[in-house]
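Just below is one structure, and these are the notes that go with it.
The values are calculated or read from the model by the stated rules, or taken from the named source; none is laboratory data. This one's a predicted model, so the numbers in the text were calculated from it and none came from an experiment. Here the Cβ positions follow ideal geometry from the backbone for every residue, glycine too, while neighbour counts run over all protein chains shown. Heavy atoms of the whole protein, side chains included, go into the accessibility calculation; ligands, DNA and RNA do not. Shrake-Rupley method; radii C 1.70, N 1.55, O 1.52, S 1.80 Å.
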Amino acid sequence: MKKIVWMSTLILSLLLFTLTSLLVTSIIVLFSDSDVLSFTQSNGAHMWIGLEVSGSWQGIAQTLGEHGFDSVLWLGLVQLLPFFLINIILIRLFLLYRCGSFFTIENIQCFKWLGGVLLAQFALVVCYPPLLITLLNFATGTDMGRVVTIQDTDIIGLVVGLIIYVIGWIMGQAQQLQEEQELVI
């Protein structure tokens, strides 16, 4: 039990660091003139924090940029939403583990939510860019082409989301069987 508590504490620390960096990055994008803040020290060390559009949405980001739209604002912040949710769900799950709660309704809900967010992320990757382009074309009178790009990482996320959701579903069934078994004399 001590190992689980120790490991859960370590993972919680990493998840909180990740969540903090996501929040800082979002604040930079929303309230700064630049998508990236750079820091250079006299010893030559260089560090930057910011956001860029990556993965399946790079082509759409380039198209938006060519038409004068801020791709980081329109796409990058939307790409962060599932990561926020995933971090929050995992923080909840590892807080439960840290308290010694392993196969409870709350844990099962965390697994189902985590799987659901990963499935929703795939739907977001597929549906959001063409919908955004359609709305921007309609609102501004531009003629940007609609493209749906799905990369292997998106498909992996879909499969992992399905697996995690099924694990949560199986845990729920096992928890119900255990409750029914406890009622049998």
Only one of Leu23, Leu16, Leu12, Leu37 is open to solvent by less than 50 Å² (accessible area, probe 1.4 Å) and over 13 Å from Leu73 (Cα atoms), namely Leu12
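So that you can scan it fast, the table gives a plain yes or no per residue for (1) open to solvent by less than 60 Å² (accessible area, probe 1.4 Å); (2) more than 26 Å from Ile86 (Cβ to Cβ); (3) without any contact (Cβ under 8 Å) to a residue 24 or more places away in the chain:
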{"position": "Asn137", "(1), (2), (3)": "yes, yes, yes"}
{"position": "Met144", "(1), (2), (3)": "yes, yes, no"}
{"position": "Leu162", "(1), (2), (3)": "no, no, no"}
{"position": "Leu183", "(1), (2), (3)": "no, yes, yes"}
Could you list, in sequence order, the residues of the stretch 15-54 that are of a type in the set (A, V, I, L, M), in contact with an Asp or Glu (Cβ under 9 Å, 6 or more places away or on another chain) and in a strand (DSSP E or B)? Val36
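Here is a yes/no grid of residues against (1) surrounded by 13 or more Cβ atoms within 10 Å (Cβ to Cβ); (2) within 30 Å of Phe17 (Cα to Cα); (3) free of Cβ contacts under 8 Å to residues at least 24 places away in the same chain:
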position: Asn87; (1), (2), (3): yes, yes, no
position: Ala123; (1), (2), (3): no, yes, yes
position: Asp152; (1), (2), (3): no, yes, yes
position: Leu158; (1), (2), (3): yes, yes, no
position: Ile170; (1), (2), (3): no, no, yes
position: Gln176; (1), (2), (3): no, no, yes
Members of the stretch 40-54 found to be among the small types (Gly, Ala, Ser) and surrounded by 12 or more Cβ atoms within 10 Å (Cβ to Cβ), listed by number: Gly50, Ser54
In the list Ser13, Ser42, which residue meets the criterion of being without any contact (Cβ under 8 Å) to a residue 12 or more places away in the chain, under 26 Å from Trp113 (Cα atoms) and polar (S, T, N, Q)? Ser13
If you go through the stretch 55-66 one residue at a time, do you hit one that is closer than 25 Å to Leu114 by Cα and either in contact with a Leu (Cβ under 8 Å, 6 or more places away or on another chain) or at pLDDT 95 or above (or both)? yes
Among (1) in contact with a helix residue (DSSP H, G or I) (Cβ under 9 Å, 6 or more places away or on another chain); (2) modelled with pLDDT under 90, Met1 falls short only on (1)
Kindly indicate whether Trp74 is open to solvent by 20 Å² or more (accessible area, probe 1.4 Å) and at pLDDT below 95. yes
